Amino acid sequence: MSARTIPPGHRSITGALPSLHSAKPLEYESKLERDFLMLMEIEWWLISIATQPVTIDLDVDGQARRYTPDVLVTWHPDCAYPFRSHQVLFEVKPLDILRRDFAKLAPKYRAARRYFRRLGMDYRVVTERTIRVPRLANALRIAPAARQHASEHLFESICDALLESPYDMTFGRLRDHLERAGFMRSVAVDGIYNLISRGRIHCDLHAELTDTSPLYWWTVKDAEVRTVDETAELKARPPQASLYNRPC
């Protein structure tokens, strides 16, 4: 259950988004929050996402304040997660509001960062500058297919094609290959998107996904970028403290 209930919005858009990383739809209270949640849908190393996850008591410049962050994202602890911790609390805020109210908001955000870092968690404030990027356009196309199931025949056909041409396959070439193999175009495209969302197909999602985008089967790219030492280092990382399981 969310720490804070999101009421129907009058000035902003509220709603709920189905997610691969949550047992229930994720509630949002603005278009920007919705876009952020969509962006997280293609983070395939995630364990879970929760919105309005917890309400905490803060000391903000000597004043008691209650605060509820927007989103809690938990990455798998054995992956190369992109922040200081595999658990990150996010505040999603439009840039113009952040600039306008910075003097009022900054002390609260600094207090929240100190609070969560004491628990071994990270805390970030994100705006449209890091949300509304080419990766979001890819997420809007990939996420719906991620919630579908690719047939075993389609899965094997994609795998075989990528392994037969491990360094010479693009999105358009793979789609056309699958069409020639008898798959409908929409089925082929959704199958590719599904396997991208699951991390089976690797590509550069920070650039717009087009027919000329190179695609690689995950074992090919994994062999390129991971070494035995890197794997050992990841496995040796100590477990991070959880907000719901504080260290004594």
Among the residues listed as F155, F171, the single one being buried (at least 17 other Cβ atoms within 10 Å of the Cβ) and outside the structural domain of R84 (by TED's automatic domain parsing): F171
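Out of D61, D96, report the one residue that is at positive phi, in the same structural domain as W44 (by TED's automatic domain parsing) and not hydrophobic (A, V, I, L, M, F, W, C).
Working: D96 fails: at positive phi.
Unique residue meeting the criteria: D61.
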How about segment 39-82: which of its residues are among the small types (G, A, S) and in contact with a strand residue (DSSP E or B) (Cβ under 6 Å, 6 or more places away or on another chain)? S48, A50
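Taking the options F116, F83, name whichever one is crowded, with 20+ Cβ neighbours inside 10 Å and among the hydrophobic types (A, V, I, L, M, F, W, C). If you could, list the steps in order and put the result at the bottom.
Details: F83 fails: crowded, with 20+ Cβ neighbours inside 10 Å.
Only one candidate qualifies: F116.
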Consider only pairs whose beta carbons are under 6 Å apart and that are at least six residues apart or on different chains; among these, list those whose first residue lies in segment 29-51 and is on the phi < 0 side of the Ramachandran plot and without any contact (Cβ under 8 Å) to a residue 24 or more places away in the chain and whose second residue is surrounded by 22 or more Cβ atoms within 10 Å (Cβ to Cβ) and of a type in the set (S, T, Y). R34/Y28
Since T219 meets every condition but one in (1) modelled with pLDDT of 95 or more; (2) part of a helix (DSSP H, G or I), which condition does it not meet? (1)
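Name every residue in segment 63-80 that is assigned to a loop (DSSP other than H, G, I, E, B) and more than 16 Å from A112 (Cβ to Cβ), in order of residue number. Give the derivation first.
Within segment 63-80, the subset assigned to a loop (DSSP other than H, G, I, E, B) is 68-70, 76-80.
Hits for segment 63-80 are H76, P77, D78, C79, A80.
Scanning segment 99-120 for residues that are of a type outside the set (A, V, I, L, M) and either outside the structural domain of E29 (by TED's automatic domain parsing) or part of a loop (DSSP other than H, G, I, E, B) (or both), which turns out nearest to the chain's Cα centre (by Cα)?
Pass one, segment 99-120, residues of a type outside the set (A, V, I, L, M): 99-102, 104, 107-110, 113-118, 120.
From the residues that got through so far, the ones that are either outside the structural domain of E29 (by TED's automatic domain parsing) or part of a loop (DSSP other than H, G, I, E, B) (or both) too are 101, 120.
On the way: D101: 27, G120: 20 Å.
Result: G120.
Is it fair to say L234 is under 22 Å from the mean Cα position of the chain (by Cα), at pLDDT 50 or above and among the hydrophobic types (A, V, I, L, M, F, W, C)?
Numbers: under 22 Å from the mean Cα position of the chain (by Cα): yes; at pLDDT 50 or above: no; among the hydrophobic types (A, V, I, L, M, F, W, C): yes.
No, not satisfied.
In the set D35, D78, D57, which member is touching a helix residue (DSSP H, G or I) at 6+ places or on another chain (Cβ under 6 Å) and modelled with pLDDT of 95 or more?
On the way: D78 fails: modelled with pLDDT of 95 or more; D57 fails: touching a helix residue (DSSP H, G or I) at 6+ places or on another chain (Cβ under 6 Å).
Of D35, D78, D57, the one residue that is touching a helix residue (DSSP H, G or I) at 6+ places or on another chain (Cβ under 6 Å) and modelled with pLDDT of 95 or more is D35.
Let's see how each residue does on (1) of a type in the set (K, R); (2) touching a residue at least 12 places away in the same chain (Cβ under 8 Å):
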position	(1), (2)
Q63	no, no
F90	no, yes
R113	yes, no
Y123	no, yes
L136	no, yes
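The values are calculated or read from the model by the stated rules, or taken from the named source; none is laboratory data. Values in this document were obtained by computation on a predicted structure and should not be read as measured data. Here Cβ is always computed from backbone atoms with ideal geometry, including for glycine, and neighbour counts include all displayed protein chains.
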